[in-house]
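Below: one structure, written as structure tokens.
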Protein chains: 2
Amino acid sequence: MNHAPPLPATDETIARFATIVGETHALRAPDLLAPYLTEPRDLFKGRTRLVLRPDSTAEVAAIMKLASETRTPIVPQGGNTGLVGGQSPRSEAEIVLSLSRMNRIRDVDAVGRTMVVEAGTILANVQAAADEAGLLFPLSLGSEGSCEIGGNLSSNAGGTSVLAYGNARDLCLGLEAVLPSGEILPGLRRLKKDNRGYDWKDLLIGAEGTLAVITGAVLKLFPKPAGREVAYVGLRSPEKALRLLGRAEARAGRQLTAFELMGRRGMEFTLRHTPGARDPLSSAHAWYLLVEISSQRSAEDARETMEAILAAALEEALIEDAAIAQSLADAATFWKMREAMSWAQKPEGGSIKHDVAVPVARVAEFLAAADAAVLTAIPEARIVAFGHLGDGNIHYNISQPLGADKAAFLARWTEINAIVHGIVDGMDGTFSAEHGIGQLKRLELARTKNSVEMALMRSLKQALDPYQILNPGKVV
Amino acid sequence: MNHAPPLPATDETIARFATIVGETHALRAPDLLAPYLTEPRDLFKGRTRLVLRPDSTAEVAAIMKLASETRTPIVPQGGNTGLVGGQSPRSEAEIVLSLSRMNRIRDVDAVGRTMVVEAGTILANVQAAADEAGLLFPLSLGSEGSCEIGGNLSSNAGGTSVLAYGNARDLCLGLEAVLPSGEILPGLRRLKKDNRGYDWKDLLIGAEGTLAVITGAVLKLFPKPAGREVAYVGLRSPEKALRLLGRAEARAGRQLTAFELMGRRGMEFTLRHTPGARDPLSSAHAWYLLVEISSQRSAEDARETMEAILAAALEEALIEDAAIAQSLADAATFWKMREAMSWAQKPEGGSIKHDVAVPVARVAEFLAAADAAVLTAIPEARIVAFGHLGDGNIHYNISQPLGADKAAFLARWTEINAIVHGIVDGMDGTFSAEHGIGQLKRLELARTKNSVEMALMRSLKQALDPYQILNPGKVV
């Protein structure tokens, strides 16, 4: 797509934008702008002259209308936790549209099990509101204390509950959004079925704020399980983990609510760098699983199912050892070991990251091939592989060799990406399973995606955002 | 949208189309064309000079390329079971593209639980192939013996298993499709997560063949339940049915795999007109439910859950009577009573039909309001309401008064639609829950849909099908 340089907003235009939200909510001072310009991985340094913090869909609509009129590029931003730079403004010409003030939970319908929320609602607050109503909103990710539901939907977030409940797209019944023109798409519908024409909702979900600004959503809620059991399992190989997955799904169906794979090295990093971390098992294993079973019936029922699965797995020699959490505190510790793994890599130096997925049945094959190829390229590399085995989604990260030069190691990012993604591609996999494209993977997308699909994406962008003012330079 | 009259194909163009598929598969004789021109409700009489039966995606691509070059309108057709005329050619200028020869099941992956099928595969054959692999493909509808999976996806079919497994959209991981230009969109991916750009898959699903021709799909399969229990329940009111739904979902979670509501009149029609039908309960009730529980564990477990739910419901006086199927034959009879209801209305004369959904919690309110309004308009009307209570989706049909003139009654179709749809609209519901828009509801869609949404739909149509050659006069 031809990305003409965006028009920098004149002082007069900036003043008009500020008037829409009021001066207090039009941030211009560098110290106020700063939090909107950094991102979690420090890969992109954002730049802007203005952050707008509207309080209503009408204000968002007015902002987009003015942006359209003046051809001003707008970068929508939620909790600013994205990992691919999709939320970062690339130049001072771009204005940040923060949804964070639109954080009201408008309605919880406990009978129909739906919740209507504004886009800036923090995910943890959505979870808490569902919990208060005796229900479950299952989306769960490491950044849930600060990420916002609008961003979760724009990036079609995944996380640890996809196996049983699906990704963000699957958890959304209806959307309200503002088009680049400033027109409002009213779709806050609570309907489980609605076949009235084209499904623009799913087109906007996962579009990373390049087609419209999501301002509100109707979310699906679920009955809260009566009991949950969490186990930490040690085993020899991903092949055995896959076989156990099949057994567990056959036995537990969708009561199997988590099946997370972790390699030993990630465990070591986590134990080394996480306060309060402890190994749930008494000896070391090459691979680990965090398995969760949820029962609608009772805690005993969940326990029984878990024990039956693990006993059969021990008998079949699929696993070497297992610990079932004996208390809520145990369960929290087990989960903490998994969640801390993402951050425990940072103190070990540079890390080249991959967010890949392959067909579930081929995960073991992928890991073997990728390990061999990466270790050929960098023999002392320390591979940290972990992720959502039940979804075929592995965070395949490579920490620098001990004592290596960080910058020199990170300079090989593209080279190593090419090796790993090449293997993924050969398995009909994806190099962006749940983190999206943003700025980080945009060129790779253009280079690798089928040309017909790429042309279709561009024509969809053109149809919705003819002036290319919405989050330019991202995704397409 | 400006629907310019389609260009009738010249004899030379028709010959070129025939060459693509071979003369044997280019039908031109009236007796061969006939089956493609009628539809189940006899509302639309199709017309065409040519039916093309390609055998491969490459042939479909060649057909669309030629259609694009010659501006020939093409109507894709699957099993020809659609209820809104979406599959019927409106004039002799339109050529039917039948997918029925593309009926191969390319692959079943029992570990990853996916199946790759061609668009013309009959739904029952998909179900059978899953079953043979020890797995479940849950999509289930009355026409499953003849409808084809490409049509199911194009219409985002619903049916009786949506409650636990979702609609057709939720059951599809990847699509292959041919654009109006003849270009092939290759998306037969088996990935549970893939965030590489815009989600065109969900845009094509439910587009009723107006944006592209679906040629293949990757379907999700599920573990087969170890046990299933089916109960027929008699109760006093939809309010009580809704309360029971809440209790059953809390107890069984997604083990609750069907929750179908039926009014007494539908039961009477079914008993009267269905060979082998019998009332599972000993006395008459105002309303009925068909409830199904599936357990991954065992038949006993499913039975236990069912008994616990029904015992509590009797105690709470939510229900009046219940019969649990004591054999597979019983279960089949119970299901037959539900499925025969659609067809049992035909012998009773004219029927004005509605395929509506409202938020689940409001179904009882809808039924009360609609009954009152319809009986005010036609005091002797015989209302047959039944459907998927768990989805908020009711087939709200009105049989003519006894002895009334059929034609005079059916002449009030639009008037009665307006009454019922007005009530639905006031509850933020939909007048097309699972059957789609097609020809039947196209004008109503244009009249009632929000203008911003309607404009967006038109610009999506324009982006994908600039010459308006694909299924013109349908949906938008």
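The values are calculated or read from the model by the stated rules, or taken from the named source; none is laboratory data. Fair warning: this is a prediction, and the values are worked out from it, not measured in the lab. Quick reminder, even Gly has a Cβ in these numbers, built from the backbone with ideal geometry, and neighbours come from all protein chains shown. For accessibility, only protein heavy atoms count, side chains too; no ligands or nucleic acids. Shrake-Rupley method; radii C 1.70, N 1.55, O 1.52, S 1.80 Å.
Tabulated results
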item: Rounded Å value of the spacing that divides the Cα centres of segment B:189-230 and segment A:316-363; result: 29
item: Label geometry 7 Å along the beta-carbon vector: A:R101 inter-copy distances in nm; result: 6.3
item: Number of partner chain Cβ atoms within 10 Å, mean per residue of A:428-438; result: 4
item: Amide H contacts under 5 Å for B:R236, placed H, 5+ residues apart; result: B:E320
item: Calculated from backbone phi, Karplus (6.51, -1.76, 1.60) coupling profile of segment A:167-174 in Hz, x at Gly/Pro; result: 8, 3, 4, 5, 9, 10, 8, x
item: Mean Cβ neighbour count within 10 Å, used as a protection proxy, ranking A:460-472, A:383-395 highest first; result: A:383-395, A:460-472
item: Other-copy label distances relative to A:T38, 7 angstrom Cα-Cβ extension, nm; result: 7.3
item: Segment A:57-102 shape via C-alpha gyration tensor axes, a/c threshold 1.5; result: oblate
item: Apportionment of accessible area to carbon and sulfur, segment B:346-437, percent (1.4 Å); result: 58
item: Dipole moment magnitude, nearest 20 debye, segment A:105-223 about Cα centre, only Lys, Arg, Asp, Glu C-beta charged; result: 400
item: Spin-label pair B:A34/A:S237, simplified geometry with 7 Å Cα→Cβ offset, distance in nm; result: 6.3
item: Neighbouring partner chain Cβ atoms per residue of B:111-118, average, 10 Å criterion; result: 3
item: Charge dipole (debye, nearest 20) of the protein assembly as shown; +1 at Cβ of Lys and Arg, -1 at Cβ of Asp and Glu; result: 1260
item: Theoretical ellipticity at 222 nm over the protein assembly as shown - DSSP helices of four or more residues, -39500 (n - 2.57) apiece, nearest 500; result: -10000 deg cm²/dmol
item: Simple spin-label estimate for B:E12 and B:A58 in nanometres, 7 Å along Cα-Cβ; result: 2.7
item: Sites A:D371 and B:D405 - FRET efficiency at Förster radius 56 Å, r taken between beta-carbons, to 0.05; result: 0.10
item: Burial ranking of peptide ranges B:350-362, A:282-294, A:362-374 (average Cβ count within 10 Å, highest at the top); result: B:350-362, A:282-294, A:362-374
item: B:R297, B:R265, reordered so the largest accessible area comes first (probe 1.4 Å); result: B:R265, B:R297
item: Eligible aspartates and glutamates near A:K353 by straight Cα distance, threshold 14 Å, same-chain separation 8 or greater; result: A:D42, A:D371, A:E415, A:E434
item: 5 angstrom amide H check on B:L185, placed H, neighbours 5+ away; result: B:A177, B:V178, B:L179
item: Portion, in percent, of the accessible area of segment A:227-339 that falls on carbon or sulfur, probe 1.4 Å; result: 51
item: Apportionment of accessible area to carbon and sulfur, segment B:105-223, percent (1.4 Å); result: 47
item: More than 22 angstrom apart: percent of Cα pairs within segment B:28-136; result: 42
item: Farthest positive-ward along segment B:346-415 dipole, Cα basis, beta-carbon charges - from B:L389, B:L375, B:L410; result: B:L410
item: Bridge type composition, the protein assembly as shown - antiparallel percent by DSSP, nearest 5; result: 90
item: Average partner coverage of A:83-95, which counts Cβ from other chains inside 10 Å; result: 0
item: Listed pairs A:K192/B:K474; B:K192/B:K474; A:K474/B:K65; B:K45/B:K201; A:K192/A:K449; A:K220/A:K441 exceeding 25 Å between Cα atoms; result: B:K192/B:K474; A:K474/B:K65; B:K45/B:K201; A:K192/A:K449; A:K220/A:K441
item: Charge dipole (debye, nearest 20) of chain B; +1 at Cβ of Lys and Arg, -1 at Cβ of Asp and Glu; result: 660
item: Total accessible area lost when A and B pair, probe 1.4 Å, Å² to nearest 100; result: 6700
item: Using a 7 Å Cα-to-Cβ projection, A:A377 label spacings across copies, nm, ascending; result: 6.6
item: Cβ-Cβ FRET estimate between A:Q462 and A:E69, R0 fixed at 25 Å, reported to 0.05; result: 0.85
item: Å² per residue, accessible surface of chain A at 1.4 Å; result: 35
item: Separation between Cα centres of segment B:85-143 and segment A:67-121, rounded to whole Å; result: 39
item: In nm, spacing of pseudo-spin labels at A:R106 and B:E268 (7 Å Cα→C-beta vector); result: 4.3
item: Approximate shape of chain B as ellipsoid semi-axes (Cα gyration tensor, √5λ), whole Å, largest first; result: 38, 27, 20
item: Accessible area in the full protein assembly, largest first, 1.4 Å probe, for A:S451, A:S181; result: A:S451, A:S181
item: Candidate residues B:R169, B:R338: accessible-area rank, largest first, probe 1.4 Å; result: B:R169, B:R338
item: Once the Cα gyration tensor of segment B:105-223 is diagonalised, semi-axes √(5λ) in Å; result: 21, 16, 13
